[in-house]
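Take a look at the structure below.
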Amino acid sequence: GRKIEPLGMDFHLEFLRYAGNWPVGVDPCEGEAYLGLAFEHANSLPHDMEFNLRQPGYVPEKEDVFKRMGGGAFSDKFQWWQDSAGARAFGCIYNVEERPSVLPSQGYSSSSRHSYSNQAYRKELLDSGTTHVAVGFVDLGTLLAAQLREGKGGPLRFVGVDSSPYAVAKTHVIWKMLQQTPLECPEVHTQQILQVWFSTTWSASTNDAFKAALAALRAPGGVYHEEVRGLLDHWAASDGVSLAKSRAMWARATSDSRSKIGHLLKRHDRIAMAQYELTGDFGVDGQPSSGNILMFDCPDGIPPLRKDESVFSTLMPTSLINAAQGRSLLEVAEELLLKDLAKLGQWARLEKITVTLHCTAFEDAIQLIAAERPWTMSWSNVIDYVRPATFHRL
């Protein structure tokens, strides 16, 4: 019954008008279709969702139920929903205490692979000379955003625990690249790390820096979890990822219904966001030469790229807006992350931080964590996957 106001911006038409050309490697027909559908969704949401929810015969899509019930991570909860045909009304409560068959911890879904965190990095205050344990760390975002306070003397010991072999292997690569930051003119190397961590594509020189880090990691004496070692060996043997393949795989993993272009009021932000959503390029000056091996070349058994990843999920919106000053949010995001990477590279080079990574589930690492006697800890969203009573007991 209420009037639906039009969006007020034809962002699906303005891209070519102001950007000039389609990004290299992007098929014009596919790019035009993506922006057109993104525009339609921006115009209709949330109205079409509300319309569907208000229908008397509304039934949620199976994939939505699977997601809300936790999918593979909470299979018992999903089974409860499927089996309780007479109790599936909205508002029904899943009482974990009445489900004795549920394991104490069911862990994060093994079907998910994060290239980087999907939550904004918090600015933690960490003390040198102490130990910080990060459970479910995903990446080195805790260190990237942290402030390091001079404390008891000696380096900060960062101990990461994550059950994902991919997260552990990629973090090994990123940390080794940070350790290899040159003393003279480190800017190019820092930008290469930015690309390996966040971008779908690489500049020509980035592949060389990546291979150098892998060679150092695979030198005699390195001890890794079997699956982590397998990933490092696979990436070392990779022939690279073509630009065409990276564009195609990114397009399959990017949903026009999740586009953020229509959320932005300033045209230069919409143009930059359209460029990012079409390509996933980040921190790449000029034309990219190849795809990101860590994102697009993984062995069988490693989950596919997670849908709708965005580097903007790692940053607080207020930090972007406050630093914009007429520049696009994409430019500002690159600048902020480069600045933090330069800081972290300096810490790594000066050995102000040591990094130790363990590929294991949280509940299997209790004695290991206790033996570290951590001064501080970060938990990611582990509590979502462990019963509260179990979590506090552990």
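The values are calculated or read from the model by the stated rules, or taken from the named source; none is laboratory data. Computed from a predicted model, the values in this text were never measured in an experiment. Cβ coordinates were reconstructed from backbone atoms using ideal geometry, including for glycine residues, and neighbour counts include every protein chain displayed. The area values use the complete protein model at the heavy-atom level, side chains included, leaving out ligands, DNA and RNA. Shrake-Rupley method; radii C 1.70, N 1.55, O 1.52, S 1.80 Å.
Summary table below
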quantity	calculated
Members of segment 384-394 that are aliphatic (A, V, I, L, M) and surrounded by 13 or more Cβ atoms within 10 Å (Cβ to Cβ)	386, 394
The one condition in (1) assigned to a loop (DSSP other than H, G, I, E, B); (2) at pLDDT below 95; (3) touching a Pro at 6+ places or on another chain (Cβ under 7 Å) that residue 351 fails to fulfil	(2)
Candidates 294, 320 - the one that is open to solvent by less than 20 Å² (accessible area, probe 1.4 Å), out of contact with any Ser or Thr (no Cβ under 6 Å at 6 or more places or on another chain) and either part of a strand (DSSP E or B) or in contact (Cβ under 8 Å) with a residue 60 or more places away in the chain (or both)	294
Residue check, residue 310 closer than 30 Å to residue 256 by Cα and open to solvent by 40 Å² or more (accessible area, probe 1.4 Å)	no
Criterion: out of contact with any Asp or Glu (no Cβ under 8 Å at 6 or more places or on another chain), assigned to a helix (DSSP H, G or I) and over 16 Å from residue 42 (Cα atoms) - qualifying residue of 232, 305	232
Positions within segment 242-272 being of a type in the set (Ser, Thr, Tyr) and either surrounded by 16 or more Cβ atoms within 10 Å (Cβ to Cβ) or within 15 Å of residue 310 (Cα to Cα) (or both), in sequence order	246, 254, 255, 257, 259
Residues of segment 357-382 classified as open to solvent by 50 Å² or more (accessible area, probe 1.4 Å) and either assigned to a helix (DSSP H, G or I) or in contact with a Lys or Arg (Cβ under 8 Å, 6 or more places away or on another chain) (or both), total	6
One residue from 40, 5 being modelled with pLDDT of 85 or more and acidic (Asp, Glu)	40
Restricting segment 235-270 to residues that are of a type in the set (Asp, Glu) and in a helix (DSSP H, G or I), the residue that is nearest to residue 206 (Cα to Cα)	269
Index of the failed condition, residue 265 passing every other in (1) modelled with pLDDT of 95 or more; (2) on the phi < 0 side of the Ramachandran plot; (3) out of contact with any strand residue (DSSP E or B) (no Cβ under 6 Å at 6 or more places or on another chain)	(1)
Pair list, Cβ under 8 Å, 6 or more apart: segment 45-61 residue in a loop (DSSP other than H, G, I, E, B), other residue surrounded by 10 or more Cβ atoms within 10 Å (Cβ to Cβ) and modelled with pLDDT of 80 or more	45/257; 58/52
Residue tally, condition within 15 Å of residue 260 (Cβ to Cβ) and modelled with pLDDT under 85, over segment 43-67	2
